[in-house]
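*Asks:* Sending over a structure as C-alpha cells; questions will come in a sec.
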C-alpha cells in the first residue's frame, strides 16, 4: 500500500493508454448517469445530499494533495499553493455546489471545465499511473470539476448566456494577471505562465515563452465558445421553431 503514496510512482504515465481511456470513459459514464437521472436528482433530500457529497469530494481531494506533498517533503510555496487554475476551480466548483451561485457558475463552467478537460486529455502526471495516489487524485479532482458543473447544468438547469463567455474570459485574464505577479515575486510557475510543464502538453506546440501565452489566450476563448455552442444552437433551434409555429 505504501508504494501507492511514494514520491516516485515508478511506472510512467502513457498518454492515451488503455488505463487513460478507461478513466475518461468512467468519467463520461458518470456524466451520462447524471443526465439520465436528472429528474430524480432534483428531489429533496437527495439533491442536497448529492451536492454536498460532491462538494466534499472536491474539497477533500484538494486537502489530500497538500497532505501528500507535505508527507513526501515536496510541498513548496513556489508550486503547491492552490493558485493553479485547476485548484481554484476545484474550490469554486465546491462553493458552486453548496451555494448554487450563478456568478460562480459562469466562471467555473467555462474556465473550470475548459481547463479540466484539457488537463485530463494531456495530464501532467510524469511517473504516476493507476493506482498511484497522484493518478487517482488527478482524475478525481479534475473530473470532479466537470461532474460538478454538469450536475448544475443537467439537474439544476443552469445555462450560460452569450455574455457569460466574455465575463468568464475577463475574470480569467484578471486572475492570470494576479498569478503572473505572484509567480514573479515568489519565483513560482502557477498556471504554467512562467514556463512550460515538463510533461508533453499543448503548450509544446505554441512556441517559446512568453510567445505561447498569446495563442493560449486564443485557445481559451475558442474553448469557451465551444462550451457555449450547444446552448447557442439550442437557442437558434427554439427561435426557428417558435417562428414557424407563429
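*Asks:* Residues in region 79-87: is at least one free of Cβ contacts under 8 Å to residues at least 40 places away in the same chain, over 23 Å from residue 228 (Cβ atoms) and surrounded by fewer than 16 Cβ atoms within 10 Å (Cβ to Cβ)?
*Replies:* The answer is yes; a qualifying residue exists.
The rows are residues; the columns are (1) outside any loop (DSSP other than H, G, I, E, B); (2) more than 30 Å from residue 43 (Cβ to Cβ).
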site: 166; (1), (2): yes, yes
site: 174; (1), (2): yes, yes
site: 178; (1), (2): yes, yes
site: 181; (1), (2): yes, yes
site: 188; (1), (2): no, yes
site: 197; (1), (2): no, yes
site: 217; (1), (2): yes, yes
site: 235; (1), (2): yes, no
site: 240; (1), (2): yes, yes
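*Asks:* Quick one: count up the residues across region 140-190 that are modelled with pLDDT of 95 or more and on the phi > 0 side of the Ramachandran plot.
*Replies:* The total comes to 1.
*Asks:* Looking only at region 78-105, which residues are within 16 Å of residue 155 (Cα to Cα) and either under 14 Å from the mean Cα position of the chain (by Cα) or outside any helix (DSSP H, G or I) (or both)?
*Replies:* 93, 94, 96, 100, 101, 105 - these are the residues of region 78-105 that are within 16 Å of residue 155 (Cα to Cα) and either under 14 Å from the mean Cα position of the chain (by Cα) or outside any helix (DSSP H, G or I) (or both).
*Asks:* Consider residue 23 against the criteria (1) within 22 Å of the chain's Cα centre (by Cα); (2) closer than 20 Å to residue 153 by Cβ; (3) touching a residue at least 40 places away in the same chain (Cβ under 8 Å): it satisfies all of them except one. Which criterion is unmet?
*Replies:* Result: residue 23 passes all but (2).
The values are calculated or read from the model by the stated rules, or taken from the named source; none is laboratory data. Everything quoted here is computed from the prediction, not taken from an experiment. Because the Cβ atoms are built from the backbone with ideal geometry, glycine has one as well, and the counts that use them run over all protein chains shown.
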